[in-house]
Amino acid sequence: MTWTEEYENILKDWKAKSFVYMWLQLKSGYHFIFLNNILTYPVIILSSVTSAALFTSDNELLRTILAIFSVITVVLTGIALEISPGEKLEKHMSSMKRHATLIRNIDYCLSLPKHMRADPTIFIEKVSIEMDFIAENENVVPRYVIRRFEKKFGKMDKLLYGEEIIDLLTEDIKTVKTVLKLIKNPTYNKTNSD
């Protein structure tokens with residue numbers, strides 16, 4: 001079987017769709033990092049303060065306040081267990097990485113001369129199976145992330161896939177990475193790294 005433009009277009013379309021899903025998974029991961037931090041740090045601080053102060057105070061008012069802190073800590077812990085932001089974060093990032101690998105594999109295949117590529121039907125079937133596997137194992141993308149995507153790039157059902165959307169998403173992902181590097185290292189200079 002020989003490679004045709006139709007086969008290449010199918011792969012290019014799937015690459016663009018995978019790029020969209022990768023973006024959604026990445027942004028979902030950031031959403032759950034935020035939730036995880038909002039729930040985890042107050043629990044650590046409240047439980048530390050409560051534990052340290054509880055045994056050193058004979059003041060009844062202070063003990064009452066500490067008991068309230070303990071209840072808040074238990075409630076936040078319960079919410080964190082129910083939402084499981086850490087687990088969801090891992091699943092979203094895992095899906096994002098699988099999409100990135102799929103994109104890289106498609107790029108690699110299409111960059112080869114046609115006579116050096118694998119049989120197109122076999123390769124397309126492998127990509128299709130991988131896309132199905134990723135879709136079956138992904139966490140649901142929060143509505144907030146989908147609304148953000150649609151506000152920035154347009155409605156998902158009307159979105160035209162192709163190099164244009166890949167360029168837009170790539171630029172957005174680079175911007176996010178730059179912002180994260182600046183947060184971690186205020187002296188970071190974009191021209192030094194990217």
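The values are calculated or read from the model by the stated rules, or taken from the named source; none is laboratory data. Being a predicted model, the structure only gives us computed values, none of them experimental. Note: ideal-geometry Cβ built from the backbone for every residue, glycine included; neighbour counts use all protein chains shown. Surface areas here come from the heavy atoms of the whole protein model, side chains and all, with no ligands, DNA or RNA. Shrake-Rupley method; radii C 1.70, N 1.55, O 1.52, S 1.80 Å.
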Quiz item: Looking at the stretch 125-158, which of the residues that are touching a His at 6+ places or on another chain (Cβ under 7 Å) and among the β-branched types (Val, Ile, Thr) is farthest from PHE19 (Cα to Cα)?
Solution: VAL145
Quiz item: Quick one: GLU82 ticks every box in (1) open to solvent by less than 70 Å² (accessible area, probe 1.4 Å); (2) under 30 Å from ALA135 (Cβ atoms) bar one, so which box is it?
Solution: (1)
Quiz item: Given the residues LEU66, LEU89, LEU76, which is the only one that is buried (at least 17 other Cβ atoms within 10 Å of the Cβ) and within 17 Å of GLU138 (Cβ to Cβ)?
Solution: LEU89
Quiz item: Only one of ASP107, ASP157 is among the acidic types (Asp, Glu) and modelled with pLDDT under 85; which?
Solution: ASP157
Quiz prompt | Filtered residues of the stretch 1-46 (kept if touching a residue at least 40 places away in the same chain (Cβ under 8 Å) and of a type in the set (Ser, Thr, Tyr)) | solution = THR2, THR4, TYR7, SER18, TYR21, SER28, TYR30, THR40
Quiz item: Of all the residues that make up the stretch 1-55, how many are open to solvent by 50 Å² or more (accessible area, probe 1.4 Å), modelled with pLDDT of 85 or more and touching a Ser or Thr at 6+ places or on another chain (Cβ under 7 Å)?
Solution: 0
Quiz item: Which of the residues belonging to the stretch 102-141 are of a type in the set (Phe, Trp, Tyr) and either in contact with a Ser or Thr (Cβ under 7 Å, 6 or more places away or on another chain) or surrounded by 17 or more Cβ atoms within 10 Å (Cβ to Cβ) (or both)?
Solution: PHE123
